[in-house]
1. Please give the length that would be gained between Glu256 and Asn99 if that part of the chain were fully extended, namely 0.36 nm times their separation in residues minus their C-alpha to C-alpha distance (nm, one decimal).
2. Given a Förster radius of 45 Å and the C-beta distance between Asp263 and Asn148 as r, what FRET efficiency does 1/(1 + (r/R0)^6) yield to the nearest 0.05?
3. At a temperature of 4 °C and a viscosity of 1.567 mPa s, determine how fast region 100-244 diffuses translationally according to Stokes-Einstein, using the Kirkwood radius over alpha-carbon pairs as Rh; express D in µm²/s, rounded to the nearest whole number.
4. Given a Förster distance of 41 Å, report the FRET efficiency between Tyr329 and Glu386 from their Cβ-Cβ distance, rounded to the nearest 0.05.
5. Pulled fully out, how much extra length does the chain show between Arg363 and Ser125, if you take 0.36 nm times their separation in residues and subtract their Cα-Cα distance?
6. What is the sum of charges, Lys and Arg at +1 and Asp and Glu at -1, for the other residues whose Cβ falls under 13 Å from the Cβ of Pro97?
7. Give me the number: length gained by fully extending Asn203 to Thr190, i.e. 0.36 nm times residue separation minus the C-alpha to C-alpha distance, one decimal in nm.
8. What FRET efficiency, computed as 1/(1 + (r/R0)^6) with R0 = 45 Å and r the Cβ-Cβ distance, is obtained for Asn138 and Thr28, rounded to the nearest 0.05?
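Laboratory data are not the source of any read-out in this text; all were calculated from the coordinates shown. Remember, it's a predicted structure, so these values are computed and weren't measured experimentally. Using ideal geometry, Cβ is built from the backbone for each residue, glycine included, and neighbour counts are taken over all protein chains shown.
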Amino acid sequence: LVERKVSKKVKFDVVAKILKTASSVVFTAWVITSTVTMWYFCCWADDVPRLELIRFQHQHQQTLQNHVEKFHLPEIPSVPPLLFSQFVSKHIPLPLPYNKISVVIMNHSRPRMIRESSLMNTLLSHPNIDEIMLLHSNPDTAFEYIHNKVINIDASPQNDIMGLSLRFYFCQSAKNDWVIHVDDDMEFTTDTLSELIVEFDKNTNRIVGRFGRDLLGSSSSGMFNGYNSANTHKETEVILTKFMIMQRQMCSSFFEYEHLIWDDVILHNGEGPLWNGEDIFMSLVANRIYSSSSSTAHNHPPYNNYHQQSTKFNNYAMDWLDVWNAPDYLKDYDAGKLDISGGFSGYTIWDWKWWQSLLRRNRHYSYRGFLWNHAKTRLMQMELEEEQEEEMWR
C-alpha cells in the first residue's frame with residue numbers, strides 16, 4: 001500500500017513537472033510570437049524593401065541614391081537635429097545679432113531674488129550680455145554682487161527724488177546701445193532671452209517685451225479708468241518693464257517729456273512708490289517718437305485718431321515667451337505686502353488683509369489707467385501744438 005502511494009506521488013510529480021514545463025514553453029512561444037508580430041507591423045508591414053535598403057545603406061553608401069529611386073522612397077532633406085528636440089525651443093533658432101547688450105536691474109526689497117534665483121546666472125551666461133547695472137535703491141538691502149560684468153550702483157539718493165524712473169536715469173549711462181530692463185523676480189532660459197533679442201533686431205525702433213498692455217477705451221469706460229491687466233499679443237501700446245528691451249537713447253526721451261504729467265499726476269495724485277507707471281509713460285513716449293519719425297517720412301500726422309485706437313503701435317509683446325516668477329520664499333516677506341500691486345497668496349477671503357490687498361490692487365490699477373489717459377492726451381496735444389506751430393511758420 002505504501003509503495004502504491006509512493007508511485008502515485010511520483011506520477012503526480014512527473015505530471016506537474018510536465019505541465020509546468022509545457023506552460024513555460026507556451027509562454028515563451030507567446031512572447032516570441034508577440035514580439036515578432038509587433039516587429040512585423042512596426043517595421044516590415046509598410047514596405048519590406050526598407051530593411052534591405054537599410055542594410056544596403058551601410059554596405060554600399062555610394063549607390064544609395066539609385067536604390068532609393070528603385071524602391072520609390074522619397075528623400076528626406078537634412079534638418080538640424082536641434083529642431084527635433086521639443087525641449088530646446090518651439091521656434092526655429094535664428095542666429096544672434098552681434099550687438100552687445102546692457103541690462104538694468106533694480107534691487108530694492110528682494111535681494112535674495114538676485115542672489116539665489118536663476119536670473120543672474122542666465123543673464124551672465126548669455127554671449128550678448130556684457131554689462132549688468134545693478135541699482136541698489138535701498139541701503140538696507142544693498143550688497144555687492146561680485147562679477148566682472150556686474151556694476152553695483154548706489155542709487156539710494158536718486159531713488160528719493162526719482163522713484164521707479166531711476167531705471168531710465170541710469171540707463172542713459174549704459175555702455176551699449178541696446179538695453180534690457182528686467183524685474184528682479186523674473187526667471188527665464190537663455191533661449192527665451194535669445195528669442196527676445198532676435199525679435200528686437202528685426203526692428204529696433206520700438207520696445208519689445210514679454211508683457212504687453214492695451215487701454216480699454218477712454219478714461220470713462222470700464223473699471224480702473226480703462227486699465228486692463230490682460231497680456232496682449234504682438235503689436236501693442238505698452239510694454240511692461242518686467243522684461244523688455246529698448247534703445248538706450250529712448251531713456252533720455254523719458255525725461256524730456258516727464259514734465260507733461262510730473263506735477264498733477266505723479267506728485268499730487270500718485271499711488272504707490274514715486275513714478276509708479278513709469279513703464280506706461282516710457283512706452284507712450286516711444287510710440288510718439290517712433291510714430292513721428294515714421295509719419296514724417298510718409299507725410300501724415302502720427303497722432304491722427306490716437307484716442308480711437310486706430311493707430312498702429314510699434315511696440316511688440318511676445319506673450320508666448322517662457323517667463324515665470326521666481327519662488328515667493330525668496331522675497332523675505334509674506335503675501336506680497338511689499339509688492340506694488342499687492343498679493344493674495346497666504347490670505348483667505350474672510351481675512352481682512354485679503355480685502356486690504358484687493359483694495360490696494362484696485363487703487364494700483366485705477367491709478368495706472370489715470371496716468372495712461374492723461375499722458376496719452378497730453379502727448380497728443382503736444383503733437384497738435386507742434387503741427388500748428390509748423391503751419392504758422394510755413
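1. Full extension of this stretch gives 53.9 nm more.
2. Given R0 = 45 Å and the Cβ-Cβ separation, E is 0.60.
3. 79 µm²/s
4. Between Tyr329 and Glu386 the formula returns 0.20.
5. 81.8 nm
6. -2
7. Going from the current span to full extension adds 2.6 nm.
8. E between Asn138 and Thr28, to the nearest 0.05, is 0.05.
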